[in-house]
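The values are calculated or read from the model by the stated rules, or taken from the named source; none is laboratory data. These numbers come from a predicted model, not from an experiment. Glycine also receives a Cβ, built like all others from the backbone with ideal geometry; neighbour counts cover every protein chain displayed. Please note that ligands, DNA and RNA were not included when accessible areas were found on the heavy atoms of the full protein model with its side chains. Shrake-Rupley method; radii C 1.70, N 1.55, O 1.52, S 1.80 Å.
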Amino acid sequence: MLFPTHLLVAAGIGWLAGHPRLRRRLRDAPAVLTGRTRSTGPTLSTGWLVAGAALSDVVDKPLGVLGVFDVYQSVGHSALLAPVAIALAASHRHGLAVAIGWGSHLALDAFHVVVNGRASDALFLAWPVVSRSDPLAIPPGEFALFYVGSPSFYVEILLWLAALVVVGRSRFGVGAGRESGG
């Protein structure tokens with residue numbers, strides 16, 4: 001998926017975590033699953049979620065561009081870092097948000113390669129233990145052009161349109177069924 005969509009999804013997770021209906025449903029969930037501190041409800045920081053979602057690309061794209069690795073999904077995209085993410089999540093609520101953002105990035109990238117018919121490319125999750133025999137080693141700018149028109153590109157378009165609808169409804173009451181003041 002494209003970098004901005006990772007950030008959008010992380011912001012969406014933050015919005016959902018603060019949504020009153022979801023807060024009510026999560027009220028009885030264990031605090032470790034929701035980031036709650038006592039009875040304050042979910043406290044996932046959208047900023048930390050977005051930072052976690054950005055982390056994989058902020059680490060890996062420069063490494064690929066500089067030629068440190070021959071792929072653009074390496075260290076930051078490896079699910080082998082899950083123990084580090086779990087430790088970070090257990091350390092503090094901001095750590096939980098970073099870990100969730102990072103995990104959402106990996107899940108979206110794996111989803112995107114499967115939807116595009118390249119399921120074997122999801123092996124990036126096991127880097128460096130397993131590597132793809134024919135990695136799609138396209139620099140980020142060229143990748144965006146290659147990606148336009150692929151099946152997961154249209155999924156991204158739908159995500160952005162859904163985000164616009166949510167923002168429109170919450171900011172301007174579009175389609176929200178609000179009564180007029182008159």
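One table, with the values for the structure above:
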item: Accessible surface of region 119-160, 1.4 Å probe, proportion on carbon and sulfur as whole %; result: 72
item: Exposure rank, largest accessible area first [Arg169, Arg118; 1.4 Å]; result: Arg169, Arg118
item: Ranking by accessible area, most exposed first, for Ile138, Ile157 with a 1.4 Å probe; result: Ile157, Ile138
item: Per-residue SASA entry for Leu108, accessible area with 1.4 Å probe, Å² rounded to 10; result: 30
item: Approximate spin-label separation Phe3-Leu159, in nm, with each point projected 7 Å along Cα-to-Cβ; result: 1.5
item: Cα centroid of region 1-23 to Cα centroid of region 42-85, whole Å; result: 17
item: Residue-normalised accessible area of region 67-148, expressed per residue, 1.4 Å probe, Å²; result: 50
item: Region 45-182: C-alpha gyration tensor shape, a/c 1.5 cut-off, then a/b vs b/c; result: oblate
item: Percent of Cα-Cα distances greater than 15 Å, calculated over region 58-102; result: 48
